[in-house]
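Enquirer: Structure incoming, see below.
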């Protein structure tokens with residue numbers, strides 16, 4: 001609903017693209033594409049808009065994001081990932097899931113920047129995703145915007161009809177601020193072991209897929225870049241909408 005519903009995060013993303021140098025292409029690692037054993041990259045020339053959800057208003061299913069794909073970039077990514085020791089696969093069949101097109105439709109509504117997507121690894125650790133992102137760090141010097149799209153907290157079992165501006169409970173804010181402290185300090189030892197060390201980690205992430213894109217983004221930022229939290233808000237009390245930049 002971020003695509004349609006007014007909120008602080010919606011408003012921020014709607015302005016964010018204007019503040020960034022225009023990228024040559026965009027690579028997104030989304031919580032909504034996982035592959036087994038090896039990561040995959042989409043080489044579709046014209047990726048479809050995937051409406052991978054159910055039970056939402058009809059207007060959401062009518063939204064499209066007809067951005068061109070980036071097959072040449074996908075081939076380049078496959079090469080650099082192979083050189084980094086990954087057995088990368090490529091598929092022309094994968095479109096853009098809502099973890100990709102929802103934020104991009106707000107950031108770049110003209111849909112005129114080539115986009116490709118890289119999968120998460122099913123059941124892989126934060127450390128493995130950090131290593132995956134590290135292999136992508138060279139893209140930053142090539143004018144490519146790398147986005148990790150997930151959610152700082154994501155426990156929909158705790159959604160019980162709260163208002164969108166509901167105050168966040170302590171178990172959400174404690175986790176969010178712990179993560180902020182460790183990301184800002186680039187304390188990778190703590191971050192990669194967040195499941196044991198962060199307060200209320202399992203309650204905020206019953207499963208890990210919505211946090212794993214963060215570790216890819218941190219890895220892609222390189223060894224020396226510090227993170228800046230450029231947006232913080234909560235939706236429905238249980239969804240922390242933190243946005244970080246590495247530049």
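The values are calculated or read from the model by the stated rules, or taken from the named source; none is laboratory data. In this text, all values refer to a predicted model and were calculated from it rather than measured experimentally. Because the Cβ atoms are built from the backbone with ideal geometry, glycine has one as well, and the counts that use them run over all protein chains shown.
Enquirer: Among the residues that make up the range 207-221, is at least one of them farther than 20 Å from residue 103 by Cα, touching a strand residue (DSSP E or B) at 6+ places or on another chain (Cβ under 7 Å) and either modelled with pLDDT of 95 or more or assigned to a loop (DSSP other than H, G, I, E, B) (or both)?
Expert: no
Enquirer: Can you find even one residue in the range 158-170 that is in contact with a helix residue (DSSP H, G or I) (Cβ under 9 Å, 6 or more places away or on another chain) and either more than 24 Å from residue 2 (Cα to Cα) or surrounded by 22 or more Cβ atoms within 10 Å (Cβ to Cβ) (or both)?
Expert: Checked against the condition, which is being in contact with a helix residue (DSSP H, G or I) (Cβ under 9 Å, 6 or more places away or on another chain) and either more than 24 Å from residue 2 (Cα to Cα) or surrounded by 22 or more Cβ atoms within 10 Å (Cβ to Cβ) (or both), the range 158-170 yields no hits at all.
Enquirer: With respect to residue 58, determine if the residue is touching a residue at least 12 places away in the same chain (Cβ under 8 Å) and either surrounded by fewer than 17 Cβ atoms within 10 Å (Cβ to Cβ) or over 16 Å from the mean Cα position of the chain (by Cα) (or both).
Expert: So residue 58 does not fit the description; no.
Enquirer: A further question follows. Would it be correct to say that residue 50 is more than 18 Å from residue 145 (Cβ to Cβ), surrounded by fewer than 20 Cβ atoms within 10 Å (Cβ to Cβ) and touching a helix residue (DSSP H, G or I) at 6+ places or on another chain (Cβ under 8 Å)?
Expert: Answer is yes for this residue.
Enquirer: Only residues that are farther than 11 Å from residue 114 by Cβ and either surrounded by fewer than 16 Cβ atoms within 10 Å (Cβ to Cβ) or in contact with a helix residue (DSSP H, G or I) (Cβ under 9 Å, 6 or more places away or on another chain) (or both): list them for the range 70-80, please.
Expert: Scanning the range 70-80 gives 75, 76, 77, 79, 80.
Enquirer: Just wondering, is there one or more residues in the range 34-43 that are touching a residue at least 40 places away in the same chain (Cβ under 8 Å), part of a loop (DSSP other than H, G, I, E, B) and within 16 Å of the chain's Cα centre (by Cα)?
Expert: The answer is yes, given that some residue of the range 34-43 is touching a residue at least 40 places away in the same chain (Cβ under 8 Å), part of a loop (DSSP other than H, G, I, E, B) and within 16 Å of the chain's Cα centre (by Cα).
Enquirer: Further, regarding this structure: Working only within the range 231-245, note down all residues that are within 17 Å of the chain's Cα centre (by Cα) and either part of a loop (DSSP other than H, G, I, E, B) or surrounded by fewer than 18 Cβ atoms within 10 Å (Cβ to Cβ) (or both).
Expert: If the condition is that a residue be within 17 Å of the chain's Cα centre (by Cα) and either part of a loop (DSSP other than H, G, I, E, B) or surrounded by fewer than 18 Cβ atoms within 10 Å (Cβ to Cβ) (or both), then 231, 232, 233, 241, 242, 243, 245 are the ones that fit.
Enquirer: Condition first: exposed (fewer than 13 other Cβ atoms within 10 Å of the Cβ) and part of a loop (DSSP other than H, G, I, E, B). Now tell me which residues in the range 5-33 satisfy that.
Expert: 5, 6, 20, 21, 22
A quick yes/no check of all residues on (1) farther than 25 Å from residue 215 by Cβ; (2) in contact with a strand residue (DSSP E or B) (Cβ under 6 Å, 6 or more places away or on another chain):
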site	(1), (2)
14	yes, no
37	no, no
42	no, yes
55	yes, no
63	yes, no
85	no, no
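Enquirer: Do we find a residue being in contact (Cβ under 8 Å) with a residue 60 or more places away in the chain and crowded, with 21+ Cβ neighbours inside 10 Å anywhere in the range 62-69?
Expert: No: zero hits.
Enquirer: Do we have residue 19 as over 16 Å from the mean Cα position of the chain (by Cα) and modelled with pLDDT of 95 or more here?
Expert: It is true that residue 19 is over 16 Å from the mean Cα position of the chain (by Cα) and modelled with pLDDT of 95 or more.
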